[in-house]
Amino acid sequence: MLSYINHSRILKLLINGIAIIALLFSIALSVSYGAVDIKLSTVWQAINSFNPDLSTHQVIQELRLPRAFAAALVGAFLAVSGTIMQGMTRNPLASPSIMGVTDGAAFTLVIMLAFFPGVSNLGLTFASFVGAGIAVVLVFLVGSFSTSGLTPVKLALAGVAIGTMLSSISSVISLHFQLEKEMSFWFAGGLSGTNWTSIHILLITGGIGMFLALIISRSITVLSLGEDVSTGLGQNNILIKALGIVTVLILTGAAVSIAGTVGFVGLIIPHITRFIMGTDYRWIIPSSALFGALLLVLSDVVARLVNAPFETPVGAITSLIGVPFFLYLARGSGGGK
């Protein structure tokens, strides 16, 4: 038995090691490919011995490196948010985009840009946290009206309904205040406007969220076994759920404030990670971060190449992957789980 556990641990470490290598390679691709392709050797020179007189070095340092790192961080945060949501609710359809959390964050961003146009990036990030929280409260309030309880599909439908409503209101406000250009970035989801300030915001706020996620990972494993089991084991489920919700709001708010409403990363990655890593969230959460980062970096590369020299919103690429996945899960979940 001990030998099996050791082999399983080694296999998981090996998979994560391969994911790290793949992520580093995908970041190199992201920096190298774009409107103008840059050789990997030039990328290395720009990182190792930056020359401000070379335009290619400036492009790499000021545009492509921040974009690649932002894609990795946003993908990691959305994936971990979805993982925690699915673990807490035991709902296979739970994710920041399906549950309306990303639309709630975008909604408050519109409010801030419309009524407080001089707001700082940090203020926008804080506003996105508040919007994500509003969306979570509304979704659970609407879903609780169901006489048969909160089944996975009904909770997902409530999330889609609230998300659509908030998105529609956001569109009306942006049209009225002529914010179409500013908000088209957030509605479609994209990384073209990222810079080193964006990275600093993601590292600070998202770092707090990731720290909380790792702290509650063991408790999420217990909670995923069911309310009765976790209570019987002496776990304070109210506290764990409160910490989980705060973690989701921090991670999703940070991601949306930088990249907009990038959908389905938090839906796809947790399922793939659980299939590979098993049921222990001490492995699932960090592995989800790696796989989510890899997915969004590669999606951003595809978004730049599929219609070059024009950019396709990265949210369109993740939706192309995620919609069939969602339909498959909704069909399998039925209405009564």
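The values are calculated or read from the model by the stated rules, or taken from the named source; none is laboratory data. Remember, it's a predicted structure, so these values are computed and weren't measured experimentally. Cβ atoms come from the backbone with ideal geometry, glycine included; neighbour counts cover every protein chain shown. The accessibility values were calculated without ligands, DNA or RNA, using every heavy atom of the protein model including side chains. Shrake-Rupley method; radii C 1.70, N 1.55, O 1.52, S 1.80 Å.
Quick notes on this one:
- Low-density loop positions, chymotrypsin sites (Phe, Trp or Tyr not before Pro), region 254-321 - DSSP coil, at most 12 other Cβ in 10 Å: 310
- Residue with peak Gaussian network fluctuation, the chain [Cα springs, cutoff 10 Å], from 35, 156, 127: 35
- Separation of the residue 197 and residue 90 label points, Cα + 7 Å toward Cβ, nm: 4.6 nm
- Region 76-119 and region 252-316: distance between their alpha carbon centers, rounded to Å: 14 Å
- The listed residues 227, 311, once ranked by accessible area (1.4 Å probe) with the largest placed first, stand as 311, 227.
- Integer Hz, Karplus 6.51/-1.76/1.60 couplings in order for region 272-279, x for Gly and Pro: 5, 5, 5, 5, 8, 9, x, 10
- The amide H of residue 91, built 1.01 Å from its N in the peptide plane, has no neighbour under 5 Å, considering only residues 5 or more places off or on other chains.
- Treating r as the C-beta distance of residue 115 and residue 25 and R0 as 35 Å, the FRET efficiency rounds to 0.20.
- Fully extended contour minus Cα-Cα distance, from residue 276 to residue 307, at 0.36 nm per residue: 7.8 nm
- Among 250, 18, the sequence by solvent-accessible area, most first, with a 1.4 Å probe is 18, 250.
- For residue 176, the solvent-accessible surface with a 1.4 Å probe is about 140 Å², rounded to the nearest 10.
- If you plug the beta carbon distance of residue 238 and residue 161 into 1/(1 + (r/R0)^6) with R0 = 22 Å, you get a FRET efficiency near 0.25.
- In order along region 37-45, the Karplus-derived 3J(HN,Hα) couplings, from 6.51 cos²θ - 1.76 cosθ + 1.60 at θ = phi - 60°, round to 6, 10, 5, 4, 5, 5, 4, 5, 5 Hz, and Gly and Pro are given as x.
- Each residue of region 202-219 is assigned a 3J(HN,Hα), and the resulting list reads 4, 5, 6, 6, x, x, 4, x, 5, 4, 5, 4, 5, 5, 8, 4, 5, 5 Hz, derived from the Karplus form 6.51 cos²θ - 1.76 cosθ + 1.60 (θ = phi - 60°), x at Gly and Pro.
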